[in-house]
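The values are calculated or read from the model by the stated rules, or taken from the named source; none is laboratory data. In this text the structure is predicted, and so the values were computed from the model without any measurement. For neighbour counting, all protein chains shown are included, and Cβ atoms are generated from backbone atoms with ideal geometry for every residue, glycine included.
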Amino acid sequence: MAAQLIKGTEVAKAIREELKKEVERLKEKYGVVPGLVTILVGENPASQSYVRAKQQTAHELGFYSVQEDRPADISEADLLKLIDQYNKDPKIHGILVQLPLPKHINETQVLYAIDPSKDVDAFHPFNVGKLMIGEPDYLPCTPAGIQELLIRTGVETSGAEVVVIGRSNIVGKPIAVMLMQKGKGANATVTVCHTRTKDVVSHTKRADILIVAAGVAEYVKGDWIKPGAVVIDVGVNEVGRTADGKRILKGDVAFDEAKEVASAITPVPGGVGPMTITMLMKNTVRACKVHNNIKD
Ligand SMILES: NC(=O)c1ccc[n+]([C@@H]2O[C@H](COP(=O)([O-])OP(=O)(O)OC[C@H]3O[C@@H](n4cnc5c(N)ncnc54)[C@H](OP(=O)(O)O)[C@@H]3O)[C@@H](O)[C@H]2O)c1
């Protein structure tokens, strides 16, 4: 039997509607507008398209949004100065520096320079630490999107065996930490696999919830999955182009096989991807409320 499709596009749309209403309420009741700056260094086409999508969504939600483009040869000192300018700008509540940065810039230094209260990507060590102790102000966007998809699809995480493939700071590690915490959409028993894991399949086969963020197209096969498992495919891999130049994307899971075994699965595209930007917007609304001491 084919699995239920977990439609990230639809869930993301519903959350954006909620956020839009919240932005209107903040405007009317408190006279404040969430402000987001996105900083793009260089001309990487994928980064350009991600930033464009973030700006467009911010605009649609009624944010005050600013786009800062800088050439690839900007000095680290000048980039840090730009971040400091927005750290001090009261109209801006969220600062996003699009990664990756050119090699001559120390990415860690740049992420450390963002005021943690404006760190809507939640990559600053202060926010990573707060996540670890179960007291996050901001959740990292892709893991937050995954958790929200699980909650809104009615997937029971409490007591579930979760297997995560991937241990990056952006996806694998934070989603593992979030799902093992005490609380709603969590309380799971989590195993994390990576390239040094001896027998990945022995782990995937016992997962009630399998989260794959390896960056390898169609890596997980249908017979690696426990019948009835929920599969969250985070991977976005370009495997070619159509005749008219459009990117052909595949996830990290062999979808056609997996959907015959799983009880529910996210498609690629249209699964986790649309949730990531939506969670960035949610963090920015939260940052606006924190900065204006709004508690309701
Ligand atoms: N939809 C979205 O919004 C979104 C957001 C972020 C990322 N992504 C996508 O998600 C994927 C992962 O992203 P990332 O940033 O986490 O990637 P990453 O930094 O490259 O990390 C990949 C992780 O997967 C592990 N891995 C790679 N090949 C493996 C294998 N054969 N067996 C077991 N583990 C393996 C690596 O292990 P080691 O640590 O041992 O090297 C690493 O921990 C990419 O396709 C990316 O494009 C999507």
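Scanning region 25-68 for residues that are within 14 Å of THR284 (Cα to Cα), touching a residue at least 40 places away in the same chain (Cβ under 8 Å) and aliphatic (A, V, I, L, M) gives LEU26, VAL32, VAL33, LEU36, VAL37, ALA58, LEU61. Filtered by the rule that a residue be of a type outside the set (Gly, Ala, Ser) and assigned to a helix (DSSP H, G or I), region 244-258 gives PHE255, ASP256, GLU257. The set of residues in region 178-196 that are within 15 Å of the ligand (Cβ to nearest atom) and in contact with a strand residue (DSSP E or B) (Cβ under 8 Å, 6 or more places away or on another chain) comprises VAL190, THR191, VAL192, CYS193, HIS194.
Is it the case that some residue within region 30-41 is in a helix (DSSP H, G or I) and loosely packed, with under 13 Cβ neighbours inside 10 Å? Within region 30-41, not a single residue is in a helix (DSSP H, G or I) and loosely packed, with under 13 Cβ neighbours inside 10 Å.
Considering region 244-260, the residues that are hydrophobic (A, V, I, L, M, F, W, C) and surrounded by fewer than 24 Cβ atoms within 10 Å (Cβ to Cβ) include one that is nearest to the ligand (Cβ to nearest atom), namely LEU249. Filtering LYS295, LYS289 for residues that are more than 14 Å from the ligand (Cβ to nearest atom), of a type in the set (Lys, Arg) and not in a loop (DSSP other than H, G, I, E, B) leaves a single hit, LYS289. Among the residues of this structure, PRO136 counts as one that is of a type outside the set (D, E, K, R), away from the ligand (no atom under 16 Å from the Cβ), closer than 24 Å to GLY271 by Cβ and not assigned by TED's automatic domain parsing to the domain that holds GLY215.
Of the residues examined, VAL268 is one that is near the ligand (Cβ under 9 Å from one of its atoms), at negative phi and touching a Phe, Trp or Tyr at 6+ places or on another chain (Cβ under 9 Å).
Taking the criterion of being within 13 Å of ILE265 (Cβ to Cβ), assigned to a loop (DSSP other than H, G, I, E, B) and within 12 Å of the ligand (Cβ to nearest atom), the residues of region 223-243 that qualify are VAL234, GLY235. Counting only residues that are over 19 Å from GLY35 (Cα atoms), of a type in the set (Asp, Glu) and in contact with a helix residue (DSSP H, G or I) (Cβ under 7 Å, 6 or more places away or on another chain), region 51-83 holds 1 of them. I'd like the full set of residues that are among the charged types (D, E, K, R), touching a residue at least 60 places away in the same chain (Cβ under 8 Å) and part of a loop (DSSP other than H, G, I, E, B), limited to region 92-126. Listed by number, the list holds a single entry, ASP121. Here ILE170, ILE146 are screened, and the one residue that is surrounded by 23 or more Cβ atoms within 10 Å (Cβ to Cβ), within 15 Å of the ligand (Cβ to nearest atom) and of a type outside the set (D, E, K, R) is ILE146. All conditions in (1) in contact with a strand residue (DSSP E or B) (Cβ under 8 Å, 6 or more places away or on another chain); (2) in contact (Cβ under 8 Å) with a residue 24 or more places away in the chain; (3) within 9 Å of the ligand (Cβ to nearest atom) hold for GLU161, with the sole exception of (3).
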